[in-house]
Every structure is written in C-alpha cells, then in structure tokens.
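Everything below concerns the one structure shown next.
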Amino acid sequence: DAGVIQSPRHEVTEMGQEVTLRCKPISGHDYLFWYRQTMMRGLELLIYFNNNVPIDDSGMPEDRFSAKMPNASFSTLKIQPSEPRDSAVYFCASSFHRDNIKAFFGQGTRLTVV
Amino acid sequence: DQQVKQNSPSLSVQEGRISILNCDYTNSMFDYFLWYKKYPAEGPTFLISISSIKDKNEDGRFTVFLNKSAKHLSLHIVPSQPGDSAVYFCAASTGAGSYQLTFGKGTKLSVIP
C-alpha cells in the first residue's frame, strides 16, 4: 500500500483565499484524522471520521475550517477565508479499528498564508 | 492545558549509548500510550506502544516503560544509532473506543557518531 497520501505538499496562499487540503487514507482503514502542527501548540487533533462520518470536530478552531469525507478513499480540509495564523503543517492520518488505534500519517501539507 | 508533556525539547546522545526520552501525563483516564518518530518533511511514524495493563513493552532496540502511579512513561533506545536522530512524540488515548490521540510537543534526539 502507498500509505496515506496528502496533496499538495506545500501551499502558499494569500490571506482571504480559500484553501483545500486533500487526503487519501490507506485502503481498508475506517478512521481518518486531521491534525495540525504548530511550534506553539504541537500536534493538535482537528477532526476525525469513522466510516466517513464526522465523530468529533471539537478541535476545529473556527467556522472557517470545514472537513468532509464523501467516501472511504477521500477527505478534504477546507479553510475559507484563510488567515496568516492558519500557517502550519496539516497532517492526515488513518487507522483500522482492530489495530489498537495505531494511526498512520501522511507526509503533511505545509500551508503558508501570507 | 497540556495533558501530555515532554519536558525536554532536545537530547544529544553518543552513538552506541542509551537514549532515554521521557513523557508525563496528567489525565488519569489515559490507558494506551504510543511513541511516534518523525523525520524532517515526513509524517510521524508509529514506533511502539503500551497498554496500561503493562509496565514494559520491548521491540528490538526500543523499550517503553510505564509508571502509572507517577503518570510517567519513558522510551529507551539501546544502542542508539545515528539513524535514530529524529523528533520523538509521546501520545496517549483514553481507549474504550476512543481513537483520539493526544500528543506531546516532541523531543528532538540527536545521536552523535
């Protein structure tokens, strides 16, 4: 398996623009997670899905952030409008419920909002 | 409020010696703990885990120790190798069907040849 695939790897956008991050989880995994990594706060869970259904979005910082999982092989994290403080590395991860919550991470998307 | 704390931002160790990375937690509901390793420009990769019913788990050169009374766990790497140089994250979960992981901020390990 190719692992968790995220795109793009790097994104530079202007403040106020919409940004969409994409994730393809490992085939067969039934959990998908979106994390954000910053120097100040480390790795924070934003939202996670089980069988394509959002379970907990309490980590989503503001209404500007939204996430969808239209099917088992694809998820998006959207920021609209983007702000400079959204600059961070965003990771997608997936896991299988019988695998003791061991999550596999993608390589991340480094987002810079100028 | 940080529920998982890694108080040492960095650690340098000579090749061949033991590396000990520490992690403390505050939430007594945590019952499953994991260590992840992260190289620059890559995502974290799973290294080793331990359930709260155990106090030790070993996998090759890596051993994790759990002290529940002290709410403390540590990762031992013996012998340390230059390829172990990375950022190590401690993570915890409350289990019981919860698949959320709470991460520490990481410790950067440098193994000096």
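Values in this text are rule-based calculations from the coordinates and carry no lab data. Since the structure is predicted, the reported quantities are computational estimates derived from the model, not experimental observations. Because the Cβ atoms are built from the backbone with ideal geometry, glycine has one as well, and the counts that use them run over all protein chains shown.
Averaged over the residues of peptide A:36-42, the number of Cβ atoms from other protein chains lying within 10 Å of each residue's Cβ is 3.
Hey, got the dipole for region A:1-107? About the Cα centre, +1 on K and R Cβ, -1 on D and E Cβ, debye to the nearest 20?
Working: 11 positive and 13 negative charges, 53 e Å.
That gives region A:1-107 a dipole magnitude of about 260 debye.
If both residues of a DSSP beta bridge must be in chain B, then about 90% of such bridges are antiparallel. Taking every DSSP beta bridge that has both ends in chain A, the antiparallel portion is near 90%.
Going down the table (B:Lys38/B:Lys105; B:Lys5/B:Lys68; A:Lys102/B:Lys38; A:Lys78/B:Lys105; B:Lys37/B:Lys68; A:Lys24/A:Lys78), which pairs top 20 Å between alpha carbons? Show your work: numbers first, answer last.
Details: B:Lys38/B:Lys105 12 Å; B:Lys5/B:Lys68 15 Å; A:Lys102/B:Lys38 15 Å; A:Lys78/B:Lys105 25 Å; B:Lys37/B:Lys68 23 Å; A:Lys24/A:Lys78 15 Å.
Over 20 Å Cα-Cα: A:Lys78/B:Lys105; B:Lys37/B:Lys68.
Region B:74-113 and region A:51-69 have Cα centres spaced 27 Å apart. The fraction of all Cα pairs in chain A landing in successive 10 Å bins from 0 to the largest distance is 15, 51, 29, 5, 0, given as whole percents.
Once a ≥ b ≥ c are taken as the square roots of the eigenvalues of the Cα gyration tensor of the protein assembly as shown, is the result rounded (a/c under 1.5), prolate (a/b larger than b/c) or oblate (a/b not larger than b/c)?
Numbers: a/c = 1.83, a/b = 1.48, b/c = 1.23.
Taking the square roots of the gyration eigenvalues as a ≥ b ≥ c, the protein assembly as shown is prolate.
Using a simple charge model, +1 on the beta-carbon of Lys and Arg, -1 on the beta-carbon of Asp and Glu, nothing else, what dipole does the protein assembly as shown show about its Cα centre, in debye to the nearest 20?
Values: 23 positive and 22 negative charges, 80 e Å.
Roughly 380 debye, rounded to the nearest 20.
Which shape class, rounded, prolate or oblate, goes with region B:5-113 when its Cα gyration tensor gives a ≥ b ≥ c as root eigenvalues, a/c under 1.5 marks rounded, and past that a/b bigger than b/c marks prolate? Prolate, because a/c is 1.5 or more and a/b exceeds b/c.
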